[in-house]
1. Would you tally the net charge around residue 305, using a Cβ to Cβ cut-off of less than 15 Å, leaving residue 305 out, and scoring K and R as +1, D and E as -1?
2. How far is it, in nm, from the label point at residue 79 to the one at residue 40 when both lie 7 Å from their Cα along the line to the Cβ?
3. Go from 0 up to the bin containing the longest alpha carbon distance in the range 183-294, width 10 Å each, and give me the % of pairs per bin.
4. Calculate, in nm to one decimal, what residue 176 and residue 305 gain on full extension: separation in residues at 0.36 nm each, minus their alpha carbon distance.
5. Which chymotrypsin sites (Phe, Trp or Tyr not before Pro) does the range 34-82 hold that lie in a coil by DSSP with at most 14 other beta carbons within 10 Å?
6. Taking every pair of alpha-carbon atoms in the range 1-157, what share in percent sits in each 10 Å bin, from 0 to the bin with the longest distance?
7. So what's the gap between the Cα centers of the range 272-335 and the range 90-147, to the nearest angstrom?
8. If all Cα-Cα distances of the range 269-335 are sorted into 10 Å bins from 0 onward, what percent lands in each bin, rounded to whole numbers?
Amino acid sequence: MAKEIDEQPVIVKNSINEYIDKISRQINIYNFPWKINQISSIFLVGCGTAYHSCLVAKYWFEEYTNFDVTIDIASEFRYRKINFKNNCLYVFVSQSGETADTYAALDLCKKNKMKTCSIVNVVESSIARDSDFVLPIHCGPEIGVASTKAFLGQMLVLYMLCIKLSFDQKKINKKNYQEKIKNLLSLSNLCKKTLLIDSKIQKASKSFIKAKGSMFLGRGYSFPIALEGALKLKELAYVHAEGYPAGEMKHGPLALIEEGMPVVVLAPRDEYYKKTVSNMQEVIARGAKVLLVTNKSKNEVLSENIWETIEVETLSEDLFPFLTTIPLQKLAYYS
Ligand code: M6R
């Protein structure tokens with residue numbers, strides 16, 4: 001797992017090399033079988049970590065495209081009474097390309113003659129073989145049971161697809177499009193620097209393994225990253241961990257916070273920052289030990305009594321989900 005976490009700058013670079021023409025500064029999605037006006041909505045489906053990448057992508061697609069965006073967990077999708085729509089693109093995300101529920105969801109769409117696309121790591125897989133169009137994530141074999149590099153790879157392909165379709169829909173202009181591509185070209189390096197954050201995470205992990213339970217909080221695209229951080233901790237350290245949208249804490253879960261409980265708060269300086277900091281102050285007031293994951297900034301964090309702060313690299317808000325994921329993977333690894 002440590003090896004796969006460390007490989008992330010390289011896989012980011014490989015994927016970007018596959019999809020971005022550095023000279024023309026264009027995202028190339030060759031042979032995409034549909035015209036932009038044949039699609040009016042997108043349905044993203046996956047399980048576990050792959051589902052979390054769909055959840056992050058929902059925020060991007062809603063912000064940058066005109067599509068209606070729906071997401072679902074494959075094991076729910078396959079048994080629901082879906083109103084299939086001809087102008088919807090059904091996207092299936094799976095590292096292995098063999099997950100039974102995701103395959104069954106794809107199969108249901110195929111039987112209903114829907115447009116299907118898969119985002120997979122294993123291109124020889126059943127899901128890749130049976131979908132109309134495949135976008136590989138180019139991560140190389142993921143051997144660890146806990147998915148790490150594939151998550152970054154899935155988010156990256158979803159982001160590039162979103163930005164490309166956004167440009168095709170003329171939702172973003174050429175300047176914005178090329179600015180985003182320029183930022184993507186720096187992502188590998190930013191991941192490399194973020195991976196250097198180590199001893200603080202290692203130290204913090206000691207509190208997580210001793211605790212009865214822990215929480216991971218975030219808003220917006222940091223909410224799925226909170227879910228992913230909690231999933232990794234459960235899966236690897238057998239520690240109870242809940243991922244929650246920070247704004248929902250006051251609707252019940254705040255009752256769980258007790259003296260000394262470790263809580264990860266994801267609060268990069270974005271449009272949600274102030275609101276998340278206010279949620280963080282509420283958990284600190286109830287005695288939580290907050291491990292804050294934010295980004296490097298000239299401005300001090302607007303709060304006192306934070307137990308530990310981890311600062312990831314800063315370039316653009318769109319890249320925060322990639323960078324804030326890395327310390328959470330390491331936290332689970334050390335725990
Ligand atoms: O191969 P898939 O991406 O379809 O697998 C889906 C999930 O089983 C998987 O992401 C799982 O949640 C991870 N191993 C968690 O780390």
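1. -3
2. Distance between the two pseudo-spin positions: 3.2 nm.
3. 14, 45, 33, 8, 0
4. Length gained, residue 176 through residue 305: 42.6 nm.
5. Those satisfying the criteria are 34, 79.
6. So the P(r) values, bin by bin, are 11, 41, 37, 11, 1.
7. Distance between centres, Cα-based: 33 Å.
8. Final binned percentages: 18, 51, 30, 1.
Values quoted throughout were computed directly from the atomic coordinates according to the rules given, and no laboratory measurement underlies them. Treat the numbers as computed from the prediction; the structure is a model and nothing was measured. Neighbour counts are summed over all protein chains in view; Cβ atoms, including those assigned to glycine, are modelled from backbone coordinates with ideal geometry.
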